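A short write-up of the structure that comes next.
Nothing in this text is a laboratory measurement; each read-out follows from the coordinates by a stated rule. What you see is a predicted model; the values in this text were computed from it and never measured. Reconstructed Cβ throughout: ideal geometry from the backbone, glycine too, with neighbour counts over all protein chains shown.
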Amino acid sequence: MHGGDIYSAARELKRNPTEILDFSASINPLGPSPQVWKAITASRHLLSHYPDPNCWDLRQALAIFWHIDPEHIVVGNGSTELIEALPRALGIHRLLVVQPTFSEYAAAMVRAGGQATALFADRSDQYAIPIDRLCHVMEAGRHDGRSIDGVVLCHPNSPTGQACSADDVARLAKATRRRGLWLVIDEAFADYCPDRSVLPHAASWPHVVILRSMTKFYALPGLRVGYAMATRITARQLQRQLPPWSVSAMGQVAALAAVNDAAHARKSLRFMARERERLQASLVALPGCVVMPTHANYFLVELPLGWQAREMTKQLRNKGVLIRDCSSVPGTNSRSIRLAVRTVQDNDRIVRTISHLLLQGAS
Ligand SMILES: Cc1ncc(COP(=O)(O)O)c(C=O)c1O
């Protein structure tokens, strides 16, 4: 189950989808850059043409942004399309994942006829990424008694919000490379902690693929644009697994305008730094709730003992508010929810609503 399905909720509640308050998908609350609207309007004439199959202009813009060669970049229909293609492109049959984490890595492995095996981060350690254990497993090239072909690191991780240092990720890359295994680093939320990203250097590290998304920080979930960075050879291997024209003309135009708007990016980061701290303080003040530290634009929160995430999710949904029930994510407990950081007004509303439900439940 993924977040962001305002449509099902709207149908159930007989409301307009835009009336649903969505804390289940973590999207920049300031919305897309104003330049995106202008670029889309100016490109209406492109609708009657196929999109550029090479995403040429967007790849040039991304190459300038990251100071790398465009041949290192592959654009996909959201990073989900790239996650789907990776097992085939890299020849991965057994992949290590670090739970609790994003479900699509394991799901894509199963769809490709392969398998995922899991290493678990400790709740007692606030789900910190177990980097030493991870390096150890990669050096051995085996987990649970069987060989593995690679590891995927969600960095920062969803739903826990945890990230390690860029130096630690580099150490993992070295350990992985020693045995010729693959390291996939999903940096879908790394715009919020650039000092922990291994870009741009890692774009040319052998046996490493880095994924980025235009969905979260650039607030373009409806257009489906993501990209991968890897060596030229690996980028070509990945490109060959994608269907033609998978990235729409409007997706390409919008992503290009978004990447080029540095002022909106700075404003978004400033807002998030402030508002994340404010929301954290309000959540911590909710009696019995445990709030995990985060490097992203969401919080993993454990409800007080006696509460179930599923029940809280249901009660909020009935009020037109979506949150992410994380109780089914392997490695979390049944009280775990994930909340996006939204606007000041929205954040105040969710804290008030949860507080009210907790009080009602206690009485
Ligand atoms: C960690 C992570 N990676 C990748 C994705 C996929 O994002 P998209 O396909 O919209 O780029 C998601 C979506 O929720 C995610 O949470």
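Could you sort out which of 38/319; 216/319; 216/314 sit more than 29 Å apart by Cα distance in this structure?
Numbers: 38/319 35 Å; 216/319 25 Å; 216/314 25 Å.
Flagged as over cut-off: 38/319.
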Checklist entry - Can you give me the Cα centroid spacing of the stretch 269-285 and the stretch 209-249 in angstrom? => result 31
Checklist entry - Using a Förster distance of 35 Å, how high is the FRET efficiency between residue 352 and residue 262, based on the Cβ-Cβ distance and rounded to 0.05? => result 0.50
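Taking 0.36 nm per residue of separation and subtracting the Cα-Cα distance, what length does fully extending residue 133 through residue 165 add?
Values: separation 32, 0.36 × 32 = 11.52 nm, distance 1.53 nm.
Between residue 133 and residue 165, full extension yields 10.0 nm more.
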Checklist entry - So for the stretch 194-274, taking the charge dipole from beta-carbon charges (+1 Lys/Arg, -1 Asp/Glu), which of 260, 194, 214 sits furthest toward the positive end? => result 194
Checklist entry - Tell me, in nm to one decimal, what length is gained between residue 10 and residue 42 on full extension, where the rule is 0.36 nm per residue of separation less the Cα-Cα distance? => result 8.3 nm
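Which value, in debye to the nearest 20, describes the size of the charge dipole of the chain about its Cα centre when Lys and Arg Cβ atoms bear +1, Asp and Glu Cβ atoms bear -1, and nothing else is charged? Let's see the in-between values first.
Values: 41 positive and 31 negative charges, 65 e Å.
Here the chain has a charge dipole of around 320 debye.
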Next on the checklist: Place a point 7 Å from Cα of residue 328 in the direction of its Cβ. Which residues in the stretch 66-102 have their backbone N less than 19 Å from it?
Outcome noted: 99-102
Item to check | Under 5 Å, built H, 5+ apart or other chain: amide partners of residue 182 | outcome: 150, 151
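Can you tell me the relative contact order of the chain? Whole percent, Cα pairs under 8 Å, sequence separation 6 or more. Mind dumping the intermediate values first?
Numbers: 699 pairs, mean separation 88.2, N = 363.
Averaging sequence separation for qualifying contacts and normalising by length gives 24 percent for the chain.
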Next on the checklist: Testing the spin-label approximation: label points 7 Å from Cα along Cα→Cβ at residue 125 and residue 344. State their distance in nm.
Outcome noted: 3.9
Checklist entry - Once all Cα-Cα distances of the chain are split into 10 Å bins that start at 0, what whole-number percent is in each one? => result 5, 24, 33, 26, 11, 1, 0
Checklist entry - How far apart, in nm, are two points set 7 Å out from the Cα along the Cα-to-Cβ line at residue 236 and at residue 319? => result 5.7
